[in-house]
Amino acid sequence: MIARDDELASLDRRLGAARSGSGSFVVLAGEAGVGKSRIARAVARRARESGFTVLTGRAVAGSVAGPYRPLAEAFMSGLRERALPETPELAPFRPALGRIVAQWHHADLATSTESGIVVGEGVLRLLRALAGQGSALLVVEDVHEADPESLSVLEFLSDNLHDQPVVLVATMRSGERSRGARLLHDLAARRTAELVDLRRLPQVDVAAMAGACLGAAELPAALLAALERADGLPFLVEELLASWLDAGTLTRAGGGWTFDPHGSPAVPQTVAESVRHRLARWEPADVEVLRCAATLGRRFSWDLLPPMLDRDPAPVVGALRRCVERQFLAADADGFQFRHALTRDAVLDELVAGERRDLAARALAALRAQYPDLPGGRCELAAELAETGGDAAGAARSWCEVGRRALAAGALGSAE
């Protein structure tokens, strides 16, 4: 846990308030890999050590999961080693709670008419009963994927926790356009939930995290430079270190570490498999747009994509919009870029050599047609594309032009 002291201290205060009967709802938001689940697990561990009853569940994408999925998982795990409380206050709510608690499930649920408010009140009372004389922590992960029924219960809880010994912690991937994401933002806006936006780690904290993982106060400069590819995401820091250790390019030497940047795998296997799995569910046309974009660089000019693909601009823009929604790309006033350098590398790694040469040649033709003088960094891009496309002479001419421009600007080191 590096550079998350403020977030953990805030959550500790929430746990302390719950012991005094003042509950709360905290939403941990951030992009994939930023450490939402890590913090949720840390809070759950601290709560258990403080005597809290802790229940955890996760929402999953798709209708196959069924209604109340994260809540059912949470109570199933929480009741695995304890009996259901038989307090009188729960008796009227047992029919409604049968939707969530397996032990109280009954055959007439399909025709029963309990409202979401009744289910929510039943969940709140069951949490209070499980806590006994203490307090309870309910953790619901990936609420952006949650079903409508679970969301209605979470909304009810957000409005009714203030005088209960219960803390609710939810995690949400930022940038999602889903019913769950909209609800959590609405709850934060009306101040029935606190939104904690987790940011990427600055490079100094990435170095501290790597040192903590490897048990070293000092690390090779080449290793720290290579870790910039993690883009400040704790998950990617750990994945890169693990892949380098497995490959033998990061090795212990005496009391320290040595690192060979040229022998390290470009993309950790877990990242490559994640990208491959996600792209397998896409339309082929959208995958082709993403591959063309990756050929152009991490930040790219989208106007080169229609000629590369021989398509009209409108469908290409639609595909880019979907790539943004799926968290592969980010958009700003200057254009588009891949959210993570490793994501772009993983997309390129899926291409065989012939495909990469073909895409690079198509990109170079579009670049020269659109910008004949190759202004700014486009000349360097042309050199890289020519090199990838197998045009050694064209690459040499472009690199020489890049050098001349640097020389004219007085940048002798770059010119060399």
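Quick look at the numbers
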quantity	calculated
Hits in region 30-60 (condition: part of a helix (DSSP H, G or I) and either modelled with pLDDT under 95 or of a type outside the set (A, V, I, L, M) (or both))	LYS36, SER37, ARG38, ARG41, ARG45, ARG46, ARG48, GLU49
The one condition in (1) without any contact (Cβ under 8 Å) to a residue 24 or more places away in the chain; (2) crowded, with 16+ Cβ neighbours inside 10 Å; (3) at positive phi that LEU224 fails to fulfil	(3)
Qualifying positions in region 161-196 - over 18 Å from the mean Cα position of the chain (by Cα) and open to solvent by less than 50 Å² (accessible area, probe 1.4 Å)	LEU161, GLN164, PRO165, VAL166, VAL167, LEU168, LEU183, LEU187, ALA188, THR192, ALA193
One residue from GLY376, GLY413, GLY318 being out of contact with any Pro (no Cβ under 9 Å at 6 or more places or on another chain), without any contact (Cβ under 8 Å) to a residue 40 or more places away in the chain and closer than 20 Å to TRP282 by Cα	GLY318
Exclusive hit being at pLDDT 95 or above, open to solvent by 30 Å² or more (accessible area, probe 1.4 Å) and either over 28 Å from LEU236 (Cα atoms) or hydroxyl-bearing (Ser, Thr, Tyr) (or both), set SER22, SER63	SER22
Sole exception among (1) open to solvent by less than 10 Å² (accessible area, probe 1.4 Å); (2) free of Cβ contacts under 8 Å to residues at least 12 places away in the same chain for ALA217, by number	(1)
So ALA42, is it open to solvent by less than 50 Å² (accessible area, probe 1.4 Å) and within 17 Å of LEU124 (Cα to Cα)	no
Filter result for the condition that a residue is open to solvent by 20 Å² or more (accessible area, probe 1.4 Å) and touching a strand residue (DSSP E or B) at 6+ places or on another chain (Cβ under 6 Å), over ARG99, ARG58	ARG58
Residue that is surrounded by the most Cβ atoms within 10 Å (Cβ to Cβ) [pool: residues in region 238-268 that are over 18 Å from ASP349 (Cα atoms) and aliphatic (A, V, I, L, M)]	LEU250
Close pairs from region 384-395: first under 11 Å from THR295 (Cα atoms) and of a type in the set (Ser, Thr, Tyr), partner open to solvent by 30 Å² or more (accessible area, probe 1.4 Å) and outside any loop (DSSP other than H, G, I, E, B), Cβ under 7 Å, at least 6 apart	THR388/ARG356; THR388/ARG357
Pairs with Cβ under 6 Å, 6+ apart, first in region 327-342 and under 15 Å from ARG173 (Cα atoms) and in a strand (DSSP E or B), second open to solvent by 40 Å² or more (accessible area, probe 1.4 Å) and at pLDDT below 85	none
Members of region 269-290 that are modelled with pLDDT of 90 or more, surrounded by fewer than 16 Cβ atoms within 10 Å (Cβ to Cβ) and either among the β-branched types (Val, Ile, Thr) or within 22 Å of MET308 (Cβ to Cβ) (or both)	GLU283, PRO284, ALA285
Count - residues of region 284-300 that are over 17 Å from GLY175 (Cβ atoms) and without any contact (Cβ under 8 Å) to a residue 60 or more places away in the chain	11
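The values are calculated or read from the model by the stated rules, or taken from the named source; none is laboratory data. Keep in mind the model is a prediction, meaning the values are calculated, not measured. Positions of Cβ are generated from backbone atoms using ideal geometry, with glycine treated the same way; all protein chains shown enter the neighbour counts. Ligands, DNA and RNA are stripped out before the accessible areas are found, and what is left, the full protein with its side chains, is counted by its heavy atoms. Shrake-Rupley method; radii C 1.70, N 1.55, O 1.52, S 1.80 Å.
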